[in-house]
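Visitor: This is the structure I want to talk about, given as structure tokens.
The values are calculated or read from the model by the stated rules, or taken from the named source; none is laboratory data. These figures come from a predicted structure and were not determined experimentally. Cβ sites come from the backbone with ideal geometry, for glycine too, and all protein chains shown count toward neighbours. Remember, those area values only see protein heavy atoms, side chains included, never the ligands or the DNA or RNA. Shrake-Rupley method; radii C 1.70, N 1.55, O 1.52, S 1.80 Å.
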Amino acid sequence: MRKSLLASILAGLMAVPAVAAAQAYPAKPVRLIVTFAAGGGADFVARSLAPKLGEALGQPIVVENRPGANGAVGADAVAKAAPDGYTLLLGAAGTMVISPHLGAQLPFDTFRDFVPVSLAATSPFIVTLHPGVQASSISELVALAKASPGKINYGSSGNGGAPNLAGELFKSMTGVNLVHVPYKGLAPAITDLIGGQIQVVFADVGLVRGHIAAGKLKGLAVTGAARSPSVPDLPTVAESGVPGYAAGTWYGVLAPAGTAGDIVARVNESLRRSLDDAGVKAAFAKQGIDTAGGTPAAFASFMRAESEKWGKVVRDAGIKTQ
């Protein structure tokens, strides 16, 4: 009896430091790893969120860029970090759910090595045309493409990138034959679109909104599941005659596998408050990015659905990395 009582007391005393540590989180600055170089969409999302997220958590958020191998370098660093909540990942769709289907040998497994915390932002594309293309709606573009198969070129940021997959999904769901022209980034693709060398680009809102307003390009619809607050007058592709179509990119926060549930919940709640901030929403909107959010479970389900969806597009289109 005495031994049992003593064992219970000792077990309770040993548990106290662990409970106290969890309650004290975070007790020092938190690193948020961005898997791409400074200046891109992922970096913008991380640096826009960091101040408010730090306020909500009560500790500074240190944004650290770890680019390389289409995001695999930074993601692997987080996968191998201690699961204590002090190293988080700002993951992007390309790295987390598209690259695993492109044949590359990745040093991590998206669904084994990470704990989803929250979807943070979504970024749809605009189906953007050269003004000379005789189509003012998605239905007119589809009709034109069917009337002249193989004669309309669409540019992208490269094989296997989100704009490429958006184009291939569009082709498969509408039955049109558009010719893919890969570029080393969307900027040169948009330059050629303005110049008339190609006819269509599935382009980030922030990259083409100004050109559309100036009349240099023509925007038909956004590729997201819902209209974008950044360009509310543009319909979605789905409501323009392609029901069920949705494409774009997204950014979310993940932690190393094994991170305690109460820490994940604390970061999730802090992220929710940060994403609800009017200043953060305004900053995102200027770049054509929409704030998201949600529970860890919802983000986990979302990523699995995205992985299945884009894996099928990659297989059906026979997409290979460059």
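Visitor: Which residue, of Val222, Val181, Val176, Val205, is closer than 15 Å to Ala166 by Cβ and in contact with a Leu (Cβ under 6 Å, 6 or more places away or on another chain)?
Guide: Val222
Visitor: Being among the hydroxyl-bearing types (Ser, Thr, Tyr) and open to solvent by 10 Å² or more (accessible area, probe 1.4 Å) is the filter here, so list the residues in the stretch 256-285 that pass it.
Guide: Thr259
Visitor: Please count how many residues of the stretch 286-322 are surrounded by fewer than 18 Cβ atoms within 10 Å (Cβ to Cβ), of a type in the set (Val, Ile, Thr) and within 13 Å of the chain's Cα centre (by Cα).
Guide: 0
Visitor: Across the stretch 40-63, what is the number of residues that are hydrophobic (A, V, I, L, M, F, W, C), open to solvent by less than 50 Å² (accessible area, probe 1.4 Å), closer than 21 Å to Asp290 by Cβ and outside any strand (DSSP E or B)?
Guide: Counting residues in the stretch 40-63 that are hydrophobic (A, V, I, L, M, F, W, C), open to solvent by less than 50 Å² (accessible area, probe 1.4 Å), closer than 21 Å to Asp290 by Cβ and outside any strand (DSSP E or B) gives 7.
Visitor: Kindly indicate whether Ser8 is modelled with pLDDT of 95 or more, part of a helix (DSSP H, G or I) and not aliphatic (A, V, I, L, M). First the steps, then the outcome.
Guide: On the way: modelled with pLDDT of 95 or more: no; part of a helix (DSSP H, G or I): yes; not aliphatic (A, V, I, L, M): yes.
The answer is no for Ser8.
Visitor: Here's a follow-up. Considering the stretch 293-308 alone, what residues qualify as being in a helix (DSSP H, G or I) and touching a helix residue (DSSP H, G or I) at 6+ places or on another chain (Cβ under 8 Å)? Quick ask: steps written out before the conclusion?
Guide: Kept after step one, since they are in a helix (DSSP H, G or I), are these residues of the stretch 293-308: 296-308.
Those that are in a helix (DSSP H, G or I) and touching a helix residue (DSSP H, G or I) at 6+ places or on another chain (Cβ under 8 Å): Pro296, Met303, Glu306, Ser307.
Visitor: For the stretch 144-168, name all the residues that are free of Cβ contacts under 8 Å to residues at least 40 places away in the same chain and either closer than 27 Å to Gly41 by Cα or crowded, with 16+ Cβ neighbours inside 10 Å (or both). Step through it out loud before you land on a result.
Guide: Residues of the stretch 144-168 that are free of Cβ contacts under 8 Å to residues at least 40 places away in the same chain, as a first pass: 144-151, 157, 167.
Correct list: Leu144, Ala145, Ser157, Gly167.
Visitor: Say whether the condition of being over 21 Å from His101 (Cβ atoms), touching a residue at least 40 places away in the same chain (Cβ under 8 Å) and either among the small types (Gly, Ala, Ser) or crowded, with 16+ Cβ neighbours inside 10 Å (or both) is met by at least one residue in the stretch 181-189.
Guide: There is no residue in the stretch 181-189 that is over 21 Å from His101 (Cβ atoms), touching a residue at least 40 places away in the same chain (Cβ under 8 Å) and either among the small types (Gly, Ala, Ser) or crowded, with 16+ Cβ neighbours inside 10 Å (or both).
Visitor: Across the stretch 95-143, what is the total count of residues that are over 19 Å from Lys216 (Cα atoms), among the hydroxyl-bearing types (Ser, Thr, Tyr) and open to solvent by 50 Å² or more (accessible area, probe 1.4 Å)?
Guide: Number satisfying all stated conditions: 1.
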